[in-house]
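Engineer: Supplied in structure tokens, the structure appears directly below.
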Number of protein chains: 2
Amino acid sequence: MSRLRGRMVIAQGGGPTAVINQSLVGAVLESRKFPDITDVWGALHGVRGIVNETFVSLSEATTHNLERVAQTPSSALGSTRDKPDAEYCHRIFNVFRKHDVRYFFYIGGNDSSDTVRIVNEQADQEGYELRAIHIPKTVDNDLPVNDHCPGYPSAARFVTCAISGVNADNNALSGVYIAVIMGRHAGWLTAAAALARKHDDDGPHLVYVPERQFSIDRYLGDIDRVYQQHGRCIVALSEGVWATRNEKGKEIPLAADLMSKAGREPQVDAHGNIQLSGGALADELADIVQKRLNIKRVRSDTFGYLQRSFPGVVSSIDACEAREVGEKAAHYACRHNVDGSVVIKRIGNYAVKYELARLTDIAAKTRRLPDEYINADGNHVSDAFCNYLRPLLGDDLPCLERLSAPVARVG
Amino acid sequence: MSRLRGRMVIAQGGGPTAVINQSLVGAVLESRKFPDITDVWGALHGVRGIVNETFVSLSEATTHNLERVAQTPSSALGSTRDKPDAEYCHRIFNVFRKHDVRYFFYIGGNDSSDTVRIVNEQADQEGYELRAIHIPKTVDNDLPVNDHCPGYPSAARFVTCAISGVNADNNALSGVYIAVIMGRHAGWLTAAAALARKHDDDGPHLVYVPERQFSIDRYLGDIDRVYQQHGRCIVALSEGVWATRNEKGKEIPLAADLMSKAGREPQVDAHGNIQLSGGALADELADIVQKRLNIKRVRSDTFGYLQRSFPGVVSSIDACEAREVGEKAAHYACRHNVDGSVVIKRIGNYAVKYELARLTDIAAKTRRLPDEYINADGNHVSDAFCNYLRPLLGDDLPCLERLSAPVARVG
């Protein structure tokens, strides 16, 4: 197959991350070097920008502007939650044909990779030559094949820093503190709380992830035990924890359950995901501790949207890798003339290499925390998980130090 | 009055901040230089540590340890919400006499300054020579006389960064976003959201503070107007906003009202403050927008405890000034041999000087946002406020840049 000549279109899908623009800028700057790419277009608001033909000419963005955009969190081109079906993909494909688009890069998570797969298959069926590359990003870290996904290390750094600050706060004014952290089906981000521990009595003392069934009674028993021992307790818990299944065996998130009971209608997006945001879960889990364990000072926070796009809380490793997966997309498409999903493989401790996986191996699949990353009691993570995450958090983690001073003799 | 010779006791009271340990370390290192101070003791958990006689010998902490503690958020000595009455202060005073304590430094907010005042008055009455200094700190920024309070600039930086990230997120996936920010009686911290604006259409589009009565109808009208104009809307709102007064004319926080309706009992601390934390206010304010304005994507977050002790999100100005008010406490007590509260005065744009105010001018008083910092409609802050806050946020604010690329011609 000879190298293709024509336009390139790049877009961003799904939830923003702190480093998704690094991938955008890596792909754009690298693509602009290839003479076969006649134009680099950005589609506004993901696939919707393609069918609406709302494009900006990234060939005409200055490198200075792009380099500053790369440091900016969230999706500079805008995003979408649209989930294209075959008909939608056909419209995408028609726009590509109309504008002689021969390269399509889509930066996104599970659903976005599925979009790339369908568009790519359609092009094959119609004999239209197109290079289609999925560039990974997700704070959820749940794409298969990858060691980890760009966006996750920075979100994990936010969670680690937040919990270490909260731990210092809770050490000064003791009580029970419950943090509700993003993670619908997988506990990767919640597990990052564990890296906040430095001393043996530091929080989080308990970590609950959606990979294990949640039980209020075990939760209360766990907190009671920790509180007896330390006089305080910090809990990190995924928004997606579930205690029951419906008649079809589907896990029902506790948060959705509570929203229904409170008379709120949880929203459901095009991908069938129930909205889990809001503070009801944290409030309820604090309230039950206060009432059932009779502990006076019980506080809770829902980390919410802050954890995925907080400016300045970025893992240096993540920023580099996000940039590189963008650049590699250009190499695979323009030099190697192949389609697929760029993946990160870990080699050594710590280094990575990039490979191209088949779109069918990535698309619409979810990777949950493996068993060896969760402790036997299902209420914390393992050392293996901490070893996995530590290098990803990047350089210059904030200093947290306790006073080291002898007790004064007052007798 | 000759210079006093004896022990020094330092303690920390109230809610932690990101820089309160800078003040601790500034005071400790500077005090250790004065030969008249025979010992530097830290009381654990504020005034409670004094009456319980739980002290650590800070004369024996290494400078390396102290310098690292200075960079650590939250109160390294532990804190307390105890509000000493005359009897409690008498016990404090007795412990001081027992251990020949001649210098007392207390780092805290409104209530802590009142404690220093009472202890000082008691010493006067009993003819016991004691130098008592209040060192200011509060994320609420509501101490009188001061231009601003240590701890506030870093918390303000957190809020500014958070809202600028959320603004970028909301620009990518549009909708209505409501942030509930700390501030019981004063809107200083909520107002900091305004510094996130760079472009005319950036959020926050609306800012509500407890200095103005809140009305759900005006709130909905404001959001409707912004949403019509921009297709999205970001709201920053103080946890302490109130819509009604009780029969005694006291403002009843909306959050406390909602907690009661939800069957939760809001806690009341020793200072008579009702607990405002929890997600109910944010949930309710999002729900009402969704239902009454029929807007699909409405999200809300309660910033909660993250905003006061997030490691690494520190204003460089704040860190310096917090350090200096600690050092100045030692100078006023040891060199000038006087009592009072260290205050920050702004001179020029931007520089400060430190003075010593009378404890009675600071103690238990609250400074709210002045009228000129709030806009005429009571739904945003003024340019004067932005000019006031900008230098306090410190150096190296994160970069947030939009793509600057021409629309591609598709016709």
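Engineer: Taking the simple approach of a point 7 Å from Cα along Cα-to-Cβ for both A:D36 and B:D361, what is their distance in nm?
Structural biologist: About 7.6 nm, to one decimal.
Engineer: Then there is this: Quick one: divide the alpha-carbon radius of gyration of region B:165-312 by 2.2 N^0.38 Å and tell me what you get.
Structural biologist: Normalised by 2.2 N^0.38 Å, the Cα Rg of region B:165-312 equals 1.04.
Engineer: Output, in nm with one decimal and in ascending order, the distances from the B:R409 label point to the matching label points of the other copies (7 Å from Cα along Cα-to-Cβ).
Structural biologist: Label-point separations across copies, in nm and ascending: 8.9.
Engineer: How large are Rg and Dmax for region B:25-80 when only the alpha carbon atoms are used, in Å?
Structural biologist: Both quantities, over Cα of region B:25-80: 11.5, 30 Å.
Engineer: How many nm separate the modelled label positions at B:N387 and A:L220, each set 7 Å beyond the Cα in the direction of the Cβ?
Structural biologist: The answer from the label model is 5.8 nm.
Engineer: Another question about this same structure. Between A and B, buried accessible area summed over both sides at probe 1.4 Å, in Å² to the nearest 100? It would help to have the intermediate numbers written out before the result.
Structural biologist: On the way: alone 18360 and 18350 Å², together 30150 Å².
The contact between B and A buries close to 6600 Å².
Engineer: Considering only protein heavy atoms, what per residue accessible area in square angstrom results for region B:1-82 with a 1.4 angstrom probe?
Structural biologist: Numbers: 2660 Å² over 82 residues.
Spelled out: the 1.4 Å probe surface of region B:1-82, per residue, equals 32 Å².
Engineer: Sticking with this structure for a sec: For peptide B:394-402, compute the average count of partner chain beta-carbon atoms within 10 Å of each residue's beta-carbon.
Structural biologist: So the per-residue partner count for this stretch is 5.
Engineer: Quick check: residue separation of B:A376 and B:R3 times 0.36 nm, minus the Cα distance between them. What number comes out in nm?
Structural biologist: Working: separation 373, 0.36 × 373 = 134.28 nm, distance 5.29 nm.
Fully extending the segment from B:A376 to B:R3 adds 129.0 nm.
Engineer: Work out the FRET efficiency for A:D124 and B:V407 from their Cβ-Cβ distance, taking R0 = 35 Å, and round it to the nearest 0.05.
Structural biologist: 0.65
Engineer: Which angle between 0 and 90 degrees, to the nearest 10, do you get for helix B:216-230 versus the longest principal axis of chain B when only C-alpha atoms count?
Structural biologist: Result, in degrees: 60.
Engineer: For region B:261-411, rounded, prolate or oblate, judged on the Cα gyration tensor with a ≥ b ≥ c (square roots of eigenvalues), a/c < 1.5 rounded, else prolate if a/b > b/c?
Structural biologist: Working: a/c = 2.36, a/b = 1.41, b/c = 1.68.
Oblate.
Engineer: Shifting gears a bit: If Lys and Arg each add +1 and Asp and Glu each add -1, what is the summed charge of the other residues whose beta carbon sits under 13 Å from the beta carbon of A:G231?
Structural biologist: It works out to a net charge of +2.
Engineer: Sorted by accessible area with a 1.4 angstrom probe, largest first, how do B:R218, B:R409, A:R297 fall?
Structural biologist: Result of the area sort, largest leading: B:R409, B:R218, A:R297.
Engineer: May I pose another question? So for chain A, what percent of the C-alpha to C-alpha distances run longer than 40 Å? Show your work: numbers first, answer last.
Structural biologist: Numbers: 18425 of 84255 pairs.
Of all Cα-Cα pairs in chain A, 22 percent lie more than 40 Å apart.
Engineer: Distances from B:H336 to the same position in the other copies: list them in nm, one decimal, shortest first, using label points 7 Å from Cα along Cα→Cβ.
Structural biologist: Distances to the matching label points in the other copies: 6.9 nm.
Engineer: Taking the Cβ of B:P153 as the center, what net charge do the other residues with Cβ under 9 Å away carry, scoring Lys and Arg +1 and Asp and Glu -1?
Structural biologist: For residues surrounding B:P153, the net value is -1.
Engineer: Work out, step by step, the length gained on full extension between B:V338 and B:T63: first 0.36 nm times the residue separation, then minus their alpha carbon distance; give nm to one decimal. Kindly include the intermediate steps, with their values, before the conclusion.
Structural biologist: Values: separation 275, 0.36 × 275 = 99.00 nm, distance 2.70 nm.
Separation in residues times 0.36 nm, less the Cα-Cα distance, equals 96.3 nm.
Engineer: How long is the gain from B:A86 to B:Q228 if the chain were fully straight, where each residue apart is worth 0.36 nm and the alpha carbon distance is subtracted?
Structural biologist: Extra length available between B:A86 and B:Q228 comes to 45.4 nm.
Engineer: Once a ≥ b ≥ c are taken as the square roots of the eigenvalues of the Cα gyration tensor of region B:1-97, is the result rounded (a/c under 1.5), prolate (a/b larger than b/c) or oblate (a/b not larger than b/c)?
Structural biologist: Numbers: a/c = 2.08, a/b = 1.10, b/c = 1.89.
Here region B:1-97 falls in the oblate category.
Engineer: Taking the 0 to 90 degree range and rounding to the nearest ten, how far is the long axis of helix B:152-172 tilted relative to the main principal axis of chain B, both from C-alpha atoms?
Structural biologist: Helix B:152-172 sits at roughly 20 degrees to that axis.
Engineer: When only Cα pairs under 8 Å and 6 or more residues apart are kept, what is the percent relative contact order across chain B? Write down the numbers at each step before the final one.
Structural biologist: Details: 878 pairs, mean separation 88.9, N = 411.
This gives 22 percent for chain B.
Engineer: Please list, short to long, the whole-number percent of alpha-carbon pairs of the protein assembly as shown in consecutive 10 angstrom bins beginning at zero.
Structural biologist: Reading upward from the zero bin: 3, 14, 22, 24, 19, 11, 5, 2, 1, 0.
Engineer: In chain A, which residue puts its Cβ closest to the axis that turns chain A onto chain B, and how many whole Å away is it?
Structural biologist: Residue nearest the A-to-B axis, with distance in whole Å: A:G279, 1.
Engineer: From Cα pairs below 8 angstrom and at least 6 apart in sequence, can you work out the relative contact order of region B:114-247, rounded to a whole percent?
Structural biologist: Working: 209 pairs, mean separation 31.3, N = 134.
That works out to 23 percent.
Engineer: A follow-up question, please. Residues of region B:274-402: accessible area per residue at 1.4 Å, in Å²?
Structural biologist: Here the per-residue accessible area is 41 Å².
Engineer: Ok, one more. Please give the net charge around B:G221, taking every other residue with its beta carbon less than 14 angstrom from that of B:G221, where Lys and Arg add +1 and Asp and Glu add -1.
Structural biologist: -1
Engineer: Of the listed pairs B:K345/B:K365; A:K98/A:K328; A:K137/A:K345; B:K33/B:K345; B:K83/B:K353; B:K83/B:K137, which have alpha-carbon separations greater than 20 Å here?
Structural biologist: A:K98/A:K328; B:K33/B:K345; B:K83/B:K353
Engineer: With all protein chains present, how much of the accessible area of chain A (probe radius 1.4 Å) comes from carbon and sulfur, to the nearest whole percent?
Structural biologist: After summing per-atom areas, the C and S share lands at 45 percent.
Engineer: How many nm separate the modelled label positions at A:K198 and A:E247, each set 7 Å beyond the Cα in the direction of the Cβ?
Structural biologist: Between A:K198 and A:E247, the simple spin-label model gives 5.4 nm.
Engineer: Moving to a separate point now. What 222 nm value per residue comes from the helices of chain B, counting each DSSP H run with n ≥ 4 as -39,500 (n - 2.57) and dividing by all residues, nearest 500 deg cm²/dmol? If you can, show how the numbers build up before the last one.
Structural biologist: Numbers: 13 runs with 144 residues, N = 411.
After summing the helix terms and dividing by residue count, I get -10500 deg cm²/dmol.
Engineer: Between A:C399 and A:A351, what is the FRET efficiency for a Förster distance of 30 Å, r being their Cβ-Cβ separation, to the nearest 0.05?
Structural biologist: Values: r = 26 Å, r/R0 = 0.88.
The value I calculate is 0.70.
Engineer: In nm², what is the average projected area of the convex hull enclosing the Cα atoms of region B:97-254?
Structural biologist: Approximately 12.8 nm², given one-decimal rounding.
The values are calculated or read from the model by the stated rules, or taken from the named source; none is laboratory data. Note that this is a predicted model, so its numbers are computed, not measured. Here Cβ is always computed from backbone atoms with ideal geometry, including for glycine, and neighbour counts include all displayed protein chains. Only protein heavy atoms, including side chains, enter the accessible area calculation; ligands, DNA and RNA are left aside. Shrake-Rupley method; radii C 1.70, N 1.55, O 1.52, S 1.80 Å.
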